[in-house]
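Student: Here you go, one structure.
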């Protein structure tokens, strides 16, 4: 026993000597090598890796990009309870020592002497800051020595508050979370100030072993660590017994919380991300950029819903393609069924489901969460078999005509807490809406579902626009001697054009001919032959050059007569931008969608190559003279707008009258073989375009036109976008005059003519000639006009 005490005293003396020597060596080294240590002042200017966040114009989070999820907080924002939990777990003497805790170093020295290796560092919070910001994580004596030196220097130059603030924002806490605020969000979906005592203790227990103590991956070990910290807090007097007793009884409810996306707009979020990476490279993901877009959350939701509804409706008109897959349910329990469904993604509100039973007019299905539901007959009786785009099979009579046990299907929840049979659309589409005055994009939906297909059809899909292109040609006509009252012959024509590869015998969609017809009526009734004659008369190249002013691409805009029928290749955003010119009185605008980029609320100075996607770089918005961007006479813009209002009042867009507004104008478009369906329309404050088609161009079906496939989408969008908004039609400029004309000839009506109508003209295009005398035949006048 005496030998044991002798040995113990010797060992204790040796340990104390080592500690004294270490401390003496540390202070000597600090004095000797201080000039060679990193500059601690850098910590005051440290920039944490903070992810890129994209927001709507009304402040709703749309997306977050970056490997590290971090939300820095100030010292004042650290709850006292969390601060005490961290001190109890990591460094209870933090406010007393000068960066080195003698007890901790004693423990480390004992481990070093007994094992020859450093098993635990005895690190203070200050030492962890030194390691995390300046040193590598390797466990070596040299690194530990440098850590001690840096800790002493940090304590000399920074306050305790600054050190703790750096610590709580830097530490890794598992699940991509860096810092306590991010951890609170990820594990509990809350702000750090909203956590309970037990939850704060759980987070305080993570720095030691973020994976092993993770409450999501290893809840039992996390609870053990939490309870140990709570015991430490009790012994240190941070909490009382009742607090302790209550906290250790808390049920662990941690789960992985994704970023709280408040507005799903992934197509625009991706556009914004790509622009930021183009400008800043990988720094876009780490510098804490907050990007505010121009999206209106109400309009964006309306665009997504309208497009989804329209594409689903198209497929229901064309029949049911059958289940996505068929599996055998023999001896499969609920867990196995759920496992099968896990392979099928949820797209929007379209859920994958497994049919587990059918009766005469009902079916039972299971969802991915294991719950079972009933599909009633009214929800599936639409599902006649798809045969082709032009034909469907016989109507089903019972549930088994549509579904079989083991079918993997898609279902959509209804507002009445029931379910509707659906299917993933094979057809695609896009919706774009913007302010005509500024070009600010207010809504953009690039397809049925971004996670089903990331191809953004609004900005990437080049398609033929059909008759939606005609207003640009008619605008060229008005600026080259024509008026809305000009009469053109709607009659058969044969075109001999080398660029069109021989003879071309175009037809009207209706396959009939009206004979002489006014330009206004020809446009709102979409007469192909009138468009061709108009373009031929003003000249193909003259028309093309005028059309290119609207922003279309020259190499995709052919200089031949087929252009009059919309043979150009355009994107929905280009068509929409062109229509903005009619709505805003004749100005060319450039679409943009990034309003501001800031870090910590301070605007970021953008590089010179920021581009027109950014408000600060958009040339028109930063120009002193708007007239420099005029591409259309204001009288032409107004008259075309008024004709397009007739499309809704009495033309191919009459279905839009359901909105019961008098300020709407627009144009349908359908291409050859119904491969593309369009509708573009506007009022004074909003211009929107809807497009429907297959990604690989193919016929939509012989009864699918712009007015049946695209216009309903546009209507559903505008119903919500303009809800409670006052009517706002383009105002007639002073340069536009109104005159009474003869509807048959387009000339001035004679006094008292009973069938005379009003028409708008620019001041220099108003007719001077009287139409005819009472009793005189209109045909006689027309003959003289065409002679």
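Student: Once both axes come from the Cα atoms, what is the angle between helix 102-115 and the longest principal axis of the chain, in degrees from 0 to 90, rounded to 10?
Tutor: With rounding to tens, the tilt is 80 degrees.
Student: What's the center-to-center distance, using Cα atoms, between the stretch 463-487 and the stretch 175-243 in Å?
Tutor: If you average the Cα positions of each part, the centres end up 69 Å apart.
Student: What ranking do 375, 230 get, fewest neighbouring Cβ atoms within 10 angstrom at the top?
Tutor: Details: 375 24, 230 28.
In order of increasing Cβ crowding within 10 Å: 375, 230.
Student: Of the listed values [x] -0.45, -0.59, -0.73, -1.13; [y] -0.57, -0.71, -0.84, -1.19; [z] -0.39, -0.54, -0.72, -1.45, identify the label whose number matches log10 I(q)/I(0) by the Debye sum over Cα atoms at q = 0.06, 0.07, 0.08, 0.11 Å⁻¹ calculated from this model.
Tutor: Recomputing log10 I(q)/I(0) by the Debye sum over Cα atoms at q = 0.06, 0.07, 0.08, 0.11 Å⁻¹ here gives the entry labelled [y].
Student: A further question on this structure: Applying 1/(1 + (r/R0)^6) with R0 = 60 Å to the Cβ-Cβ distance of residue 511 and residue 160, what FRET efficiency is obtained, to the nearest 0.05?
Tutor: Working: r = 86 Å, r/R0 = 1.44.
Efficiency, rounded to the nearest 0.05: 0.10.
Student: Using a Förster radius of 35 Å, what is the FRET efficiency between residue 426 and residue 622 based on their Cβ-Cβ separation? Nearest 0.05, please. Don't skip to the end; give the middle numbers.
Tutor: Details: r = 44 Å, r/R0 = 1.25.
In this case the efficiency is close to 0.20.
Student: Using only the alpha-carbon atoms of the stretch 476-566, report the extent along each of the three principal axes, biggest first, to the nearest angstrom.
Tutor: Sorted from largest, the Cα extents of the stretch 476-566 read 34, 31, 18 Å.
Student: Subtracting the Cα-Cα distance from 0.36 nm times the residue separation, let me have the gained length for residue 769 to residue 373 in nm, one decimal.
Tutor: Values: separation 396, 0.36 × 396 = 142.56 nm, distance 7.37 nm.
Additional length available on full extension: 135.2 nm.
Student: Please compute the length gained on full extension between residue 758 and residue 609, using 0.36 nm multiplied by the number of residues separating them and subtracting their Cα-Cα distance. Could you put the intermediate results ahead of the total?
Tutor: Details: separation 149, 0.36 × 149 = 53.64 nm, distance 5.03 nm.
Once the chain is fully extended between residue 758 and residue 609, it gains 48.6 nm.
Student: In addition: Spin-label point model (7 Å from Cα, Cβ direction): what's the residue 332 to residue 503 distance in nm?
Tutor: 6.1
Student: Here is a further query. Helix 219-235: angle to the longest alpha-carbon principal axis of the chain, degrees 0 to 90, nearest 10?
Tutor: Once rounded, the angle reads 50 degrees.
Student: What is the extension gain from residue 454 to residue 658, computed as 0.36 nm multiplied by their sequence separation minus the C-alpha to C-alpha distance, in nm to one decimal?
Tutor: Numbers: separation 204, 0.36 × 204 = 73.44 nm, distance 3.31 nm.
Contour length minus Cα-Cα distance gives 70.1 nm.
Student: In addition: If you fit an axis through the alpha-carbon atoms of helix 80-90 and take the longest principal axis of the Cα set of the chain, what angle between them do you get, 0 to 90°, nearest 10?
Tutor: For 80-90 against the chain, the angle is about 50 degrees.
Student: Right, something else. Given R₀ = 30 Å, what would the calculated FRET efficiency be for residue 217 paired with residue 48, taking r from the Cβ atoms and rounding to 0.05?
Tutor: Numbers: r = 25 Å, r/R0 = 0.83.
It comes out at approximately 0.75.
Student: Per DSSP H run of n ≥ 4, the term is -39500 (n - 2.57); total these for the chain, divide by its residue number, and report the mean residue ellipticity at 222 nm rounded to 500 deg cm²/dmol. Before the final figure, lay out each step's value.
Tutor: Values: 22 runs with 270 residues, N = 787.
So the calculated ellipticity at 222 nm is -10500 deg cm²/dmol.
Student: Thinking of the stretch 321-422 as a set of Cα atoms, what percent of all their pairs are more than 17 Å apart? Walk me through the numbers on the way to the answer.
Tutor: Values: 2569 of 5151 pairs.
So the pairs more than 17 Å apart make up 50 percent of the total in the stretch 321-422.
Student: Now for a different question. For a footprinting-style exposure proxy, rank 78, 253 by other Cβ within 10 Å, fewest first.
Tutor: Numbers: 78 21, 253 13.
By the 10 Å Cβ count, ascending: 253, 78.
Student: Based on alpha-carbon centroids, what's the gap between the stretch 686-723 and the stretch 624-648 in Å, whole number please?
Tutor: Their Cα centres are 24 Å away from one another.
Taken together, the values in this text are just the output of simple stated rules run on the coordinates, not laboratory data. All of these numbers come straight from a predicted model, not from anything done at the bench. Heads up, the Cβs are rebuilt from the backbone with ideal geometry, glycines too, and the neighbour counts pull from every protein chain shown.
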